[in-house]
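Worksheet: one structure, shown below.
The numbers here are math on the coordinates, done by the rules we state, and not lab data. All of these numbers come straight from a predicted model, not from anything done at the bench. All Cβ positions, even for glycine, are placed from backbone atoms using ideal geometry, and neighbour counts span all protein chains on display.
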Amino acid sequence: MLATQLAGLTAPDPAVDPGIEEALDLVGGFDDAFTHGFARLGEQPRAALAALAGAVAVTPLGERVREGVEKIVAGSLADEHLTALAGGRAALLGAVHDALLARLDGVLGRSRASWAVAGPADPATPPDNVLAGCRSWLRELAIAGWRGVDHDLVAASAQTLDAVLAAPSSRRLAVLLDGLAAELRACCPVATMDRLPTRRWADLWSRALLLAQPGGWPVATATATAVSGRLLPLGADVHEHGTAIQIQVHAVLEPAGDAAPRLVRTSVSAAKVETITGPAVWRLLADHPVLLGALAKRHAVEITDLPLLPSGDLLWRDDQARPDAPADPFATARLRLPEAVAPAVPPLDRHPVRLAEPVLLEDYSTTVDDSGGITLELGGNSLPVDVSRLPTCAPLTPESVARSSACLGLLRWDAGRWRLQPLAVQYTVKRATAEAHTGDWALGPTDPKVVKAEAKAGDAVAVLRERAGRLLRR
Amino acid sequence: MGTIEVGWERRSAARVLPAVQPRKLAKVPFVELADGRLQGVVSSGSDIERVYVSSVVAGSHAFNCSTNNNRPCGGLRGAPCKHLHALVDEAILQYGVERVARYLRIDVSDGASSGSDLLVRLNGSHEPTPAAVVFSRFLRHLAYLEVPGSTEPLPELHWFPATGAVD
Ligand SMILES: [Zn+2]
């Protein structure tokens, strides 16, 4: 990423910025209205919901959102009305996502495929009673508002959650609800909290309600095409909450034949418990040795007939992949990334939180502020680094980022600004150049101190399985 | 939970829970802050087939310890037993003293760092609570390890970045 590109990304844009700001203000009005619940709305939240309805009035959602707001203000909190509101909010955030991505593609000169398919309905849809159970709990949350969430309301989610977790076709919903419930549980009683993560919780609530619609979501896998070729990993983005871990690998795919290289993602995930964390999470993904090996040893992978979704998600099949020649992710980013065609984003997934575009930054200087915040300075432009996104399962540290001269990362956008999430850095230590990547420990930690600490703590999975075996046999 | 940055309320990926620290699980395989209690399961030191279920209630600080078959713990004579000590020690390792104290509503403004520090500040007494509730939470916890992995993308996890290298 060049200085001029960074300047283009961060400079004010009078054609787009006011629209983004206005949309986010409307979303903020909804988020604040949720604080005390929709059951007894004051003057201000009523106006906020009416404004949201007004903003989407000319869209296909307009009529339903208008009616939804009307009914909710009148005290009728039916599923369909709450769903209409969640849909209106999602549409606004989708528009913000689109504006941001268009701008990013513009400054990077990144070409992107356009969305052309509408998937058929999911044949393996989660049971309707399970989805209805989720909607009913989400409705209770909307009635109570965040301030009204107590232990009983969180505990009431347990049965519903068990049912969702048991249905493989509702994995997305299960992972989302489990993450939300854990946060609410830890914050109980929410009434005593000084400040509330209103944007975040309203995001999670709306997304969950949309995922819990009867009939489920269009299944993406039905629209997959088989691809073969050489996969060149750029880096691993790590997602984690108490009961889930996901590694999303960003890579350039060189398809067999002479088709243009494509930017793809491939994800592997596992369920876990919160005491399995740090480098131990990689062991939960040991069923994918070829993928983990490619990350740890930095080599390419030859893939055969893997399903590729229109969203650019490659469905990993470890037995259809084999290790190829060494491939330096920095070289891939320098030489192959600029010409790779990026995938379209599925309409229902458009939300600024999903923006995660791989970029390479070089020849910058770094500054570290008093609170440990790191900023990259490039030709008079600055880009803050999101150090809070450095995971404990990798050797990437704030120190290595602060000393770095090249960074391969994901551009993220949140709360009005772009930030860089590092996936790999080249840095100087004792006058030598070193590298640290988020996937370095995919086959186990390589730092002797970490290896020792891990050995001392013991294998958490093995201990829990032993306990489970003894206690569940009764 | 440390200082909260400006604009936190408007961040989709705002961090709400601090990263949990890994710890040895053999002695206390399960600890959680849930249902208004610090509760968990402590392995018996002498019998590999036996576990104790220990808990402290937030606010009232009522405490209890019994076997998973609801037999009262012999070590509980008006004061917290060694299992409750182990439970609180491990909770502090896992969550940090600040988070445990805040949840139980124990005042630690005069400085407390160990499990014993927290336990002497309890102002509740022994009150029997059914072990079955906690034990079933533990079994539910273990059940996660049986959920099969997946290679289908979970886009919702973009709201849950892995954190922890920085406090
Ligand atoms: Zn005891």
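Each helix, a run of at least 4 DSSP H residues, gives -39500 (n - 2.57); summed and divided by the residues of chain A, these come to -12500 deg cm²/dmol at 222 nm. Taking amide H as placed 1.01 Å from N in the peptide plane, residue B:59 has its amide H under 5 Å from the amide H of B:105, each at least 5 places away in sequence or on another chain. Which helices of chain B meet both criteria: a Cα extent of 15 Å or more along the helical axis and a mean Kyte-Doolittle score no lower than 0.5, with helices taken as whole DSSP H segments? Qualifying helices: B:131-143. Extending 7 Å from the Cα toward the beta-carbon at both residue A:428 and residue A:451 defines two label points whose distance is 3.0 nm.
Remark: the stretch B:149-163, residue by residue, has Karplus-estimated 3J(HN,Hα) of x, 9, 10, 8, x, 10, x, 5, 6, 4, 7, 10, x, 5, 9 Hz, where x stands for each Gly or Pro and the curve is 6.51 cos²θ - 1.76 cosθ + 1.60 at θ = phi - 60°.
Charge tally for residue B:60 (other residues, Cβ to Cβ under 12 Å; Lys, Arg +1; Asp, Glu -1): +1.
Karplus-derived 3J(HN,Hα) values for the stretch A:90-103, using 6.51 cos²θ - 1.76 cosθ + 1.60 with θ = phi - 60°, are 5, 5, 5, 5, x, 5, 5, 3, 4, 5, 5, 5, 4, 5 Hz; glycine and proline are entered as x.
Rounded to 0.05, the FRET efficiency of the residue A:322 and residue B:47 pair, given R0 = 51 Å and the Cβ-Cβ distance, is 0.55.
Rounded to 0.05, the FRET efficiency of the residue A:334 and residue B:146 pair, given R0 = 41 Å and the Cβ-Cβ distance, is 0.40. Between amide H atoms placed 1.01 Å from N, distances below 5 Å from residue A:145 occur with A:37, A:38, all of them 5 or more places distant or on a separate chain.
One Cα centroid belongs to the stretch A:149-215, the other to the stretch A:240-303; the line between them spans 27 Å. Sorted largest first, the principal axis extents computed over the alpha-carbon atoms of the stretch A:120-266 equal 60, 36, 22 Å. Inter-chain Cβ neighbour count for A:343-349, averaged per residue, equals 1 (cutoff 10 Å, partner chain atoms only). Once you reduce the stretch B:101-135 and the stretch A:307-369 to the center of their Cα atoms, the two points are 47 Å from each other. Residue by residue, the stretch A:345-354 carries 3J(HN,Hα) couplings of 9, x, x, 6, 9, 6, 7, x, 5, 7 Hz when phi is fed to the Karplus relation 6.51 cos²θ - 1.76 cosθ + 1.60 (θ = phi - 60°); x denotes Gly or Pro.
Paramagnetic label reach from residue B:132 (point 7 Å along Cα→Cβ; backbone nitrogen cut-off under 11 Å): within the stretch B:41-82, residues B:70. For residue A:368 and residue B:71, a Förster radius of 45 Å and the Cβ-Cβ distance give a FRET efficiency of 0.20, rounded to the nearest 0.05.
Within the stretch B:38-103, the trypsin sites (Lys or Arg not before Pro) that combine a DSSP coil assignment with at most 14 other C-beta atoms in a 10 angstrom radius are B:77.
Each Cα pair of the protein assembly as shown feeds into the Kirkwood radius, which the Stokes-Einstein equation turns, at 20 °C and 1.002 mPa s, into a diffusion coefficient of 83 µm²/s.
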